[in-house]
Amino acid sequence: SHRKFWEQTLAGADPYQIVLEDDAVLEKRFSSRAHEFVDELEASVGTGEWDVLLLGGLGCVHPDRRYGPYHIPAFFSGGRRKNPRTISDHVHVPMRPFGTHAYALSKRGAEKLLRL
């Protein structure tokens, strides 16, 4: 369960962990790219000063509104929101995403989620 993952993240030695659905198919560079994106995020907001980094999401998640086949979910999840916040070339604040099939979770984020 996700809650167990949150507990393990908080108790573990690593500053963050990545969780994926069990049927995920990854591109060859997934691991290095995911860690690169965390590095970009931390360079902008500070080490450990973030909660969750979605590595996959549904809905209106791209700052340039590139929805692919997801126009309807994008509309209902915030497609009309203006000016999404960009953190770096590869990291931005999504517009009301949904889906937890791939994400990085910091210790700070795990602590917050466990308080819910």
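Using a 1.4 angstrom probe with every protein chain in place, what is the largest-first accessible-area order of Trp50, Trp6?
Numbers: Trp50 10, Trp6 45 Å².
Largest to smallest exposure gives the sequence Trp6, Trp50.
What does the net charge come to around Leu10 if you take all other residues with beta carbon closer than 9 Å to its beta carbon, with K and R at +1 and D and E at -1? Intermediate values should be presented prior to the final figure.
Working: positive: Lys107; negative: Glu7, Glu111.
So the surrounding residues net to -1.
Order the following by accessible area, largest value first: Asp39, Asp89. Probe radius 1.4 Å; ligands, DNA and RNA are ignored.
On the way: Asp39 95, Asp89 150 Å².
Result of the area sort, largest leading: Asp89, Asp39.
Using r as the Cβ-Cβ distance of Arg3 and Asp89, and R0 as 30 Å, what FRET efficiency do you calculate, to the nearest 0.05?
Numbers: r = 33 Å, r/R0 = 1.10.
Once rounded, the FRET efficiency stands at 0.35.
Whole number in Å², please: accessible area per residue of segment 8-49, 1.4 Å probe, ligands, DNA and RNA not counted. Don't jump to the answer; show the numbers that get you there.
On the way: 2930 Å² over 42 residues.
Per-residue value: 70 Å².
To the nearest 10 square angstrom, how much accessible area does Thr47 have with a 1.4 angstrom probe?
My reading of the accessible area for Thr47 is about 110 Å².
With a ≥ b ≥ c the root eigenvalues of the C-alpha gyration tensor of segment 1-42, is it rounded (a/c under 1.5), prolate (a/b larger than b/c) or oblate? Walk me through the numbers on the way to the answer.
On the way: a/c = 2.84, a/b = 1.21, b/c = 2.35.
Oblate shape, in that a/c is at least 1.5 and b/c is the bigger or equal ratio.
The values are calculated or read from the model by the stated rules, or taken from the named source; none is laboratory data. As the structure is a prediction and not an experimental result, all values here were calculated from the model. Reconstructed Cβ throughout: ideal geometry from the backbone, glycine too, with neighbour counts over all protein chains shown. All accessible areas refer to the heavy atoms of the entire protein, side chains included, with ligands and DNA or RNA removed. Shrake-Rupley method; radii C 1.70, N 1.55, O 1.52, S 1.80 Å.
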